[in-house]
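Peer 1: Please find one structure pasted underneath; my questions will follow.
The values are calculated or read from the model by the stated rules, or taken from the named source; none is laboratory data. Values in this document were obtained by computation on a predicted structure and should not be read as measured data. Using ideal geometry, Cβ is built from the backbone for each residue, glycine included, and neighbour counts are taken over all protein chains shown.
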Amino acid sequence: MIKIGDRVDNRYHITGRIAHGGMADVYEAMDTINHRTVSLKVMREDMMADPMNVKRFNRECIAAASLNNPNIVKVYGQGIIDGRPYMANEYIKGQTLRDKLNFSPVHNLSPLESCEVMLQLTSGVQYIHEHGIIHRDIKPDNLFYLSDGSIKIADFGISVAVGEAASGDSVSGTVYYTAPEILMGKPSGVASDIYSMGIVFYEILTGRVPFDGDTAEEVAIKQIKEHFPEPSKITPAVPKAVDKVVVKACRKRPEERYLSALEMHEAIAEAMKDERAFQERKGFFSRLFGFK
């Protein structure tokens with residue numbers, strides 16, 4: 001068992017414990033060679049029995065290590081400690097986007113802040129796709145939200161190469177963010193990541209996911225069959241141009257969505273040009289009496 005004060009691979013000095021996750025334990029450590037703080041992600045011993053877990057962990061190491069983008073968590077290195085794989089990641093001082101939503105009194109972001117988040121997310125995902133990777137698990141829990149508003153994409157555990165068929169865990173992503181075609185057993189692609197980004201966009205605008213239910217099966221059926229609702233039906237302050245971006249990203253048919261994350265990025269940027277649409281809207285009595 002790794003303890004504070006331990007030294008991993010005669011390089012990483014453990015200085016704290018960050019989290020106990022479903023797949024791995026995460027520690028704060030000092031890289032004594034490069035003299036920087038890192039996040040050390042070590043696979044849990046009880047997860048080693050399943051070869052699929054080991055495959056997923058190693059897949060994440062390989063996929064993320066090949067990427068270098070300001071909106072993606074960097075992987076500095078990997079290795080084995082006590083028979084368990086680990087990877088040394090960029091140390092992130094911040095919370096996840098899920099934490100940001102949970103700590104907000106209304107559980108959502110303003111339309112302008114939501115668009116700024118999505119510009120970064122689409123930029124990062126475009127970079128991922130250009131490097132031949134489909135993320136397959138885009139959701140607020142896998143996005144770090146830094147104090148300066150920066151977004152960083154994490155967790156490539158179920159990512160696949162473009163055109164590669166997933167094996168054994170084809171529907172491992174969270175059902176609330178999974179595209180209809182994936183739920184019907186079809187291969188992942190650029191369009192499925194775009195769908196997931198559309199769901200994230202909807203959630204940060206409204207504070208809820210578009211389709212919910214008592215079971216994963218119920219949510220999956222809604223994803224496949226039910227009409228996609230406009231965010232402005234929940235949050236009236238959402239501009240109509242933003243509504244259109246979210247709805248197009250979440251079309252049931254993959255070919256009707258944006259052709260790329262870059263195209264979605266450009267549509268968001270275009271919607272943001274109408275600054276008046278993003279100004280705070282006040283009700284009749286607020287305007288009459290000056291209430292905030």
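Peer 1: In the range 98-122, what count of residues is obtained for those that are surrounded by 18 or more Cβ atoms within 10 Å (Cβ to Cβ) and hydroxyl-bearing (Ser, Thr, Tyr)?
Peer 2: Qualifying residue count, the range 98-122: 2.
Peer 1: Further, regarding this structure: Among the candidates ILE80, ILE92, which residue alone is over 12 Å from the mean Cα position of the chain (by Cα), over 30 Å from ALA277 (Cα atoms) and free of Cβ contacts under 8 Å to residues at least 12 places away in the same chain?
Peer 2: Details: ILE92 fails: free of Cβ contacts under 8 Å to residues at least 12 places away in the same chain.
Of the residues listed, the single one that is over 12 Å from the mean Cα position of the chain (by Cα), over 30 Å from ALA277 (Cα atoms) and free of Cβ contacts under 8 Å to residues at least 12 places away in the same chain is ILE80.
Peer 1: When residues of the range 249-277 are filtered for being assigned to a helix (DSSP H, G or I) and either in contact with a Ser or Thr (Cβ under 8 Å, 6 or more places away or on another chain) or at pLDDT 95 or above (or both), how many remain?
Peer 2: So the answer is 15.
Peer 1: Here is a further query. So how many residues does the range 89-113 have that are over 13 Å from THR206 (Cβ atoms), among the hydrophobic types (A, V, I, L, M, F, W, C) and at pLDDT 95 or above?
Peer 2: 2
Peer 1: Of the residues that sit in the range 55-97 and are within 13 Å of VAL26 (Cβ to Cβ) and among the hydroxyl-bearing types (Ser, Thr, Tyr), which one is surrounded by the most Cβ atoms within 10 Å (Cβ to Cβ)?
Peer 2: By that ranking, first place goes to TYR86.
Peer 1: OK, next. Determine if the range 210-230 includes at least one residue that is assigned to a helix (DSSP H, G or I), of a type in the set (A, V, I, L, M, F, W, C) and touching a Phe, Trp or Tyr at 6+ places or on another chain (Cβ under 8 Å).
Peer 2: For the range 210-230, residues assigned to a helix (DSSP H, G or I), of a type in the set (A, V, I, L, M, F, W, C) and touching a Phe, Trp or Tyr at 6+ places or on another chain (Cβ under 8 Å): present.
Peer 1: Further, regarding this structure: Scan the range 163-177 and give yes if some residue there is crowded, with 22+ Cβ neighbours inside 10 Å, in a loop (DSSP other than H, G, I, E, B) and touching a helix residue (DSSP H, G or I) at 6+ places or on another chain (Cβ under 9 Å), otherwise no.
Peer 2: yes
Peer 1: Determine whether the range 45-54 contains at least one residue that is touching a helix residue (DSSP H, G or I) at 6+ places or on another chain (Cβ under 9 Å), farther than 25 Å from TYR127 by Cα, in contact (Cβ under 8 Å) with a residue 12 or more places away in the chain and exposed (fewer than 14 other Cβ atoms within 10 Å of the Cβ).
Peer 2: So far as the range 45-54 goes, no, none of its residues is touching a helix residue (DSSP H, G or I) at 6+ places or on another chain (Cβ under 9 Å), farther than 25 Å from TYR127 by Cα, in contact (Cβ under 8 Å) with a residue 12 or more places away in the chain and exposed (fewer than 14 other Cβ atoms within 10 Å of the Cβ).
Peer 1: What number goes with the only condition from (1) modelled with pLDDT under 95; (2) within 23 Å of ASP148 (Cα to Cα); (3) of a type in the set (Asp, Glu) that ASP25 does not pass?
Peer 2: (2)
Peer 1: Additional query: Looking at the range 241-259 only, could you name the residues that are touching a Pro at 6+ places or on another chain (Cβ under 8 Å) and either aliphatic (A, V, I, L, M) or crowded, with 23+ Cβ neighbours inside 10 Å (or both)?
Peer 2: Scanning the range 241-259 gives VAL242, VAL246, CYS250.
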